[in-house]
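Enquirer: Starting off with a structure, shown below.
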Amino acid sequence: MAELKPKKKRPVLHAVTVVALLAGSAYFTFELRKDEQQKAPAVASVTDNVDSSGKNASSGEQKWERLKNPSRSVLRGGDGNVLAMFTDGARTATLTGPSRTFTEPANTKTRVVTTDWVRLMPEPWREGAEREQWFKEWFKQYNGSEEDDIFAFAFQYVDGAPVKKDAEGAPYAGDAAFGPINPNGSAGNDLRLEQSDFYDYLGQSYTFRNGTTMSPEPAKYRAMDCSGFIRTVFGYRARFPLAPLDGQGDGLPRTANGMARSKVGVDVIPLKGITAADRPTNIDVLQPGDLLYFKLDARTGQRLDHTGMVLGKDTDGHLIFISSREEANGPTIGDKGGTSRLDGNGYYAATLRSAKRI
C-alpha cells in the first residue's frame with residue numbers, strides 16, 4: 001500500500017525460491033523449486049486428517065452443483081459436505097483437507113482451526129471446467145494434498161516465522177517487517193514508511209512481464225507493506241501475475257486502491273463508496289482467501305488504503321483476516337492497531353468497503 005493511515009483514532013511454510021527470471025511467463029516469473037518445497041517444515045500444524053489417506057472422505061458418489069451470487073461450482077461428497085468450491089472468473093479455489101491450526105502467539109491469543117486449503121488454479125474457473133483436462137490433472141494433484149497453500153505462505157512471514165533460504169543461501173521467507181522507521185514520524189503517527197514490496201523484502205531487482213524493472217531499496221530489506229504482503233503471498237509465492245504499478249499491465253496492481261478498483265478477479269463485495277454509509281451489510285459471502293479492502297484514513301481522499309486476506313473463523317466464532325500493519329511491524333492476525341475481526345463494529349469491521357476473489 002502506498003497510502004498513509006492515521007494512528008490516533010485506533011484502539012489501538014515446503015518452501016519456494018527465486019531461481020530465474022522467466023521472460024514472457026504466462027503467470028509469474030520466479031520459478032518454484034519443488035525440491036525445496038518438500039524439505040521445509042510447515043509453519044502451521046496439521047492436527048488431524050479428514051481420513052487416514054489424507055484425501056477428502058466422502059460416502060457415496062460426489063456431485064457437482066451450481067450456485068449464484070457469485071456464480072460458482074461446488075463439489076459435494078455423497079454425505080452432502082462441501083469438498084471444494086470454484087468461483088467463475090477466479091483462479092482461487094478452496095479445497096477441504098486436513099485440519100490445521102493457525103496462531104500468532106506474539107500478538108494475539110486468537111486461534112483459527114480450519115480444514116480450508118486455498119490454492120490458485122492455472123486458469124480462471126468457468127462453468128463446466130470440471131470436465132476439462134487441465135482441471136482434472138490439477139485437482140488430482142492437490143485434492144487432499146498437504147503441500148503449502150496460500151495460508152501456509154502467509155504465515156511464513158508473521159512475527160517469529162523462521163527464516164527459509166534457497167540452495168544458494170538467499171532468504172525468501174521469514175519474519176517480515178512492515179517498513180523502515182520514518183524519520184519524520186512519531187509513535188502512533190506514521191512511525192514506519194510504507195511502499196515496501198516483495199522485491200524490497202527479497203533485496204533483488206525484478207523485471208515484470210511488461211519489461212519494467214523495479215529495484216529494491218536497501219532500507220526496505222525484509223519489509224512488506226499491506227499490499228506488498230498480498231503481492232508476496234499471491235504473486236511471488238503462488239505465481240499470480242503482478243503489475244509493477246497501478247494501471248500497468250493486467251496483473252495484480254501495486255496498491256490496495258489499485259487492486260480494489262481493478263478488473264482483476266471477481267468482486268464478491270462490490271465497491272460502492274468510501275464513506276461509513278458504504279460499509280457492506282453482508283459479509284457472509286466472504287470465503288477463505290478473499291482479498292479485503294479498507295478505508296482507514298481521511299487524508300487519502302477517495303483512495304482505499306489497506307488490504308488483507310480472509311483467513312476464516314477463530315475458535316470464538318469471529319471472522320479473522322491477516323494483513324501487514326505498521327503497529328505490529330509486519331503481517332499479523334493480532335490486535336495491535338485494531339482487532340483482526342470482520343464481524344462486529346471494531347476498527348477494521350467498520351472500515352471494510354469491498355472484497356475480491358482473484
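Matching residues to (1) touching an Asp or Glu at 6+ places or on another chain (Cβ under 7 Å); (2) within 26 Å of R119 (Cα to Cα); (3) crowded, with 21+ Cβ neighbours inside 10 Å; (4) of a type in the set (A, V, I, L, M, F, W, C):
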residue	(1), (2), (3), (4)
A260	no, yes, yes, yes
P270	no, yes, no, no
I274	no, no, yes, yes
V285	no, yes, no, yes
G337	yes, no, yes, no
S340	no, yes, yes, no
D343	no, yes, no, no
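Enquirer: Sticking with this structure for a sec: Across the stretch 199-219, which residue is surrounded by the most Cβ atoms within 10 Å (Cβ to Cβ) among those that are of a type in the set (S, T, N, Q) and in a loop (DSSP other than H, G, I, E, B)? Before the answer, list the steps.
Expert: Within the stretch 199-219, the first condition is being of a type in the set (S, T, N, Q), and the residues that meet it are 204-205, 207, 210, 212-213, 215.
Still in the running and in a loop (DSSP other than H, G, I, E, B): 204-205, 210, 212, 215.
On the way: Q204: 17, S205: 11, N210: 12, T212: 13, S215: 11.
The qualifying residue surrounded by the most Cβ atoms within 10 Å (Cβ to Cβ) is Q204.
Enquirer: Looking at the stretch 196-231, which of its residues are among the β-branched types (V, I, T) and under 16 Å from the mean Cα position of the chain (by Cα)?
Expert: Selection gives I230 alone.
Enquirer: Checking G289 against (1) in a strand (DSSP E or B); (2) closer than 26 Å to G251 by Cβ, only one condition comes out false. Which one?
Expert: Only one criterion is unmet by G289, namely (1).
Enquirer: Does the stretch 120-139 contain any residue that is closer than 18 Å to M309 by Cα, modelled with pLDDT of 95 or more and buried (at least 16 other Cβ atoms within 10 Å of the Cβ)? Give the steps one after another, and end with the answer.
Expert: Step one: of the stretch 120-139, the residues closer than 18 Å to M309 by Cα are 120-121.
Filter once more, keeping what is modelled with pLDDT of 95 or more: 120-121.
After this cut, where a residue has to be buried (at least 16 other Cβ atoms within 10 Å of the Cβ) as well, the list is 120-121.
Yes, some residue in the stretch 120-139 is closer than 18 Å to M309 by Cα, modelled with pLDDT of 95 or more and buried (at least 16 other Cβ atoms within 10 Å of the Cβ).
Enquirer: Something else: Can D148 be described as acidic (D, E), in a loop (DSSP other than H, G, I, E, B), crowded, with 22+ Cβ neighbours inside 10 Å and under 20 Å from the mean Cα position of the chain (by Cα)?
Expert: Spelling it out, D148 is indeed acidic (D, E), in a loop (DSSP other than H, G, I, E, B), crowded, with 22+ Cβ neighbours inside 10 Å and under 20 Å from the mean Cα position of the chain (by Cα).
Enquirer: Looking at the structure I just gave you, is Q287 touching a helix residue (DSSP H, G or I) at 6+ places or on another chain (Cβ under 9 Å) and either at pLDDT below 95 or closer than 22 Å to D148 by Cα (or both)?
Expert: Criteria not met by Q287.
Enquirer: Looking at L242 and the list (1) touching a helix residue (DSSP H, G or I) at 6+ places or on another chain (Cβ under 6 Å); (2) modelled with pLDDT under 95, which single condition is not satisfied?
Expert: (2)
Enquirer: Residue under question is D175, and the condition is that it be buried (at least 22 other Cβ atoms within 10 Å of the Cβ), outside any strand (DSSP E or B), at pLDDT 95 or above and in contact with a Pro (Cβ under 9 Å, 6 or more places away or on another chain); does it hold? It would help to see each step written out before you state the result.
Expert: On the way: buried (at least 22 other Cβ atoms within 10 Å of the Cβ): no; outside any strand (DSSP E or B): yes; at pLDDT 95 or above: yes; in contact with a Pro (Cβ under 9 Å, 6 or more places away or on another chain): yes.
Against the criterion (buried (at least 22 other Cβ atoms within 10 Å of the Cβ), outside any strand (DSSP E or B), at pLDDT 95 or above and in contact with a Pro (Cβ under 9 Å, 6 or more places away or on another chain)), D175 does not qualify.
Enquirer: Right, something else. Between residues in the stretch 315-341 that are on the phi > 0 side of the Ramachandran plot and residues that are crowded, with 23+ Cβ neighbours inside 10 Å and basic (K, R), which pairs lie under 8 Å by C-beta distance while being six or more apart or on different chains?
Expert: So the pair list comes out as G337/R325.
Enquirer: Let me ask you something else. Go through the stretch 300-358 and tell me which strands (runs of 3 or more DSSP E), entirely inside it, have 2 or more residues that are at pLDDT below 95.
Expert: none
Enquirer: Take A90 and decide whether it is of a type in the set (G, A, S), buried (at least 22 other Cβ atoms within 10 Å of the Cβ) and either over 15 Å from the mean Cα position of the chain (by Cα) or modelled with pLDDT of 95 or more (or both).
Expert: Yes.
Enquirer: Same structure, new question: Out of (1) within 21 Å of the chain's Cα centre (by Cα); (2) buried (at least 18 other Cβ atoms within 10 Å of the Cβ), what's the single condition that is false for G249?
Expert: The one condition G249 does not meet is (2).
Enquirer: Within the stretch 289-311, can one find any residue that is of a type in the set (D, E), crowded, with 23+ Cβ neighbours inside 10 Å and closer than 18 Å to N107 by Cβ?
Expert: no
Enquirer: Now for a separate question. Examine the stretch 314-326 for a residue that is surrounded by 24 or more Cβ atoms within 10 Å (Cβ to Cβ), within 18 Å of the chain's Cα centre (by Cα), of a type outside the set (D, E) and farther than 28 Å from P70 by Cβ, and state whether such a residue exists.
Expert: Yes, some residue in the stretch 314-326 is surrounded by 24 or more Cβ atoms within 10 Å (Cβ to Cβ), within 18 Å of the chain's Cα centre (by Cα), of a type outside the set (D, E) and farther than 28 Å from P70 by Cβ.
Enquirer: Any residue in the stretch 138-147 that is in contact with a helix residue (DSSP H, G or I) (Cβ under 9 Å, 6 or more places away or on another chain) and farther than 27 Å from M224 by Cβ?
Expert: Yes, that holds for at least one residue.
The values are calculated or read from the model by the stated rules, or taken from the named source; none is laboratory data. Model, not experiment: these values are computed from the prediction. Methodologically, a virtual Cβ is constructed for each residue, glycine included, from the backbone with ideal geometry; neighbour enumeration extends over all protein chains shown.
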